[in-house]
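The values are calculated or read from the model by the stated rules, or taken from the named source; none is laboratory data. Treat the numbers as computed from the prediction; the structure is a model and nothing was measured. Cβ atoms come from the backbone with ideal geometry, glycine included; neighbour counts cover every protein chain shown. Please note that ligands, DNA and RNA were not included when accessible areas were found on the heavy atoms of the full protein model with its side chains. Shrake-Rupley method; radii C 1.70, N 1.55, O 1.52, S 1.80 Å.
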Amino acid sequence: MSLPLVIGLVALLLILIVGYNIIIQYRQRVESVKHQELAKHIAIIDATEDLIGNAHHMPYSKELLVCLNQRIMYALQSMHEADPSDKSLPARVSNVTQQIQHLQQNYSNADVATFKTPTTDKQALGMLQLVKRLKTVVKNEHSKGRFATQAFVAENARLEGIQLRINIENVVKRANEARMKRQLGTAKQLLKKGIDVLASKNDNYANQAREKLQMMLNEIDNSQSATQEQERQQMLNKDQDDLDVLFQPKKKW
């Protein structure tokens, strides 16, 4: 075998090896990108299902539930585009689509969970975090053109109302706890803060809550005034007793 032929075969072999490695690396990159894309959509689905699972903790409107289910549907559709070989995805898309149709046709105000007043600071914090997550999702879906502007404005306002209610109800709870501990200064500070927050609101809940907080604040002020008057009267009585002792007739021995 001639030397040029050997050199040519070696060069061809090297080219084949390099080409094969390039193809393998390309396929690995494609597969990596696909896995990252699928992982992103799976995370979206898991997070959204978690939000839906909290519907019994807080009032969810029909528009909100439809928005959340549509978010899952879009994620499943994107997964199917990224991985057409997964035969389970079309069935899952179909199931979510049917769920959305059911919500649109049958969900009514009677199905909405009632607002549950938080009984602990930890519970209030969890509810506030849930509202924050919902507001973020609604905003993102609106920015992607998946949530109509009018519906977004209404839902965002509704969620802000729930957020306000959680904060105010927690203020009431904490103020009552402070009163029980005779920490009247802390109670007054909490109530004044709540009244300030409600000052710019003009809906039924805000008006009723403002009246309630003001009444609680007045009760504390009246209680403190009565206590101060009682203490003042006790001091006057003590001073009078001291004077009586000083000027009482001296006994003769």
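Per the listing ARG146, ARG133, ARG165, ARG179, the residue uniquely more than 29 Å from ASP50 (Cα to Cα), touching a helix residue (DSSP H, G or I) at 6+ places or on another chain (Cβ under 8 Å) and of a type in the set (Lys, Arg) is ARG179.
Of the listed requirements (1) open to solvent by 50 Å² or more (accessible area, probe 1.4 Å); (2) touching a residue at least 40 places away in the same chain (Cβ under 8 Å); (3) closer than 30 Å to GLN36 by Cα, LYS116 misses just one: (3).
Take the conditions (1) farther than 16 Å from ILE162 by Cα; (2) in contact (Cβ under 8 Å) with a residue 40 or more places away in the chain; (3) among the hydrophobic types (A, V, I, L, M, F, W, C); MET73 misses just one of them, which is (2). Condition first: within 15 Å of LEU65 (Cβ to Cβ) and open to solvent by 60 Å² or more (accessible area, probe 1.4 Å). Can you find one or more residues in the stretch 132-143 that meet it? Looking for residues that are within 15 Å of LEU65 (Cβ to Cβ) and open to solvent by 60 Å² or more (accessible area, probe 1.4 Å), one finds at least one in the stretch 132-143, hence yes. Of all residues in the stretch 133-145, those that are without any contact (Cβ under 8 Å) to a residue 12 or more places away in the chain and either in a helix (DSSP H, G or I) or within 15 Å of ILE162 (Cα to Cα) (or both) total 4.
Only residues that are small (Gly, Ala, Ser), outside any helix (DSSP H, G or I) and under 22 Å from the mean Cα position of the chain (by Cα) were counted in the stretch 36-95, giving 2.
For ALA82, the conditions (1) more than 16 Å from LYS62 (Cβ to Cβ); (2) surrounded by fewer than 16 Cβ atoms within 10 Å (Cβ to Cβ) all hold with the exception of (2). A count restricted to the stretch 1-21 and to residues that are open to solvent by less than 80 Å² (accessible area, probe 1.4 Å) and in a loop (DSSP other than H, G, I, E, B) stands at 1. Checking each residue in the stretch 157-176 for being of a type in the set (A, V, I, L, M, F, W, C) and farther than 15 Å from LEU130 by Cβ picks out ALA157, ILE168, VAL171, VAL172, ALA175.
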